[in-house]
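First comes the structure, then the notes that go with it.
Every read-out reported here was derived from the displayed coordinates using simple, explicitly stated rules and does not represent laboratory data. Quantities reported herein were computed from a predicted structural model and do not represent experimental measurements. Cβ coordinates were reconstructed from backbone atoms using ideal geometry, including for glycine residues, and neighbour counts include every protein chain displayed.
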Amino acid sequence: MPKELRSKDEFQKLLTSAQEVRISRDGDVAKIKLRTKDALYTYKTTRAEVDSLTKGLKTRLVEF
């Protein structure tokens, strides 16, 4: 079962250890899924913020 992250700080800490990042955009809301070695994490944010969060990311990025 995925764990939902509620703060941007938690998300950014886990982003460095992610093996894969998936982005699903729907209207004004975007959901980012982080696959780490231990678990799957989800984070809901705005579409505009997604680009700034994933900019310069070296991890595999998948768009849906």
Consider the candidate values (1) 18, 11, 11; (2) 16, 13, 11; (3) 20, 18, 10; state which one is semi-axes √(5λ) of the Cα gyration tensor in Å computed from the structure displayed. (2)
When the charge dipole of the chain is computed with +1 on Lys and Arg Cβ and -1 on Asp and Glu Cβ about the Cα centre, the Cα farthest towards its positive end, among THR42, SER17, GLY56, belongs to SER17
Comparing LYS13, LYS44, LYS31 in a Gaussian network model of the chain (Cα, 10 Å), the one with the largest mean-square fluctuation is LYS13
Looking at the chain only, what percent of DSSP beta bridges run antiparallel? Nearest 5 please. 70
Kindly provide the helix-only [θ] at 222 nm of the chain, computed as the sum of -39,500 (n - 2.57) over DSSP H runs of four or more divided by all residues, to the nearest 500 deg cm²/dmol? -6500 deg cm²/dmol
With +1 on each Lys and Arg Cβ and -1 on each Asp and Glu Cβ, and nothing else charged, work out how big the dipole of the chain is about its Cα centre, in Debye to the nearest 20. 160
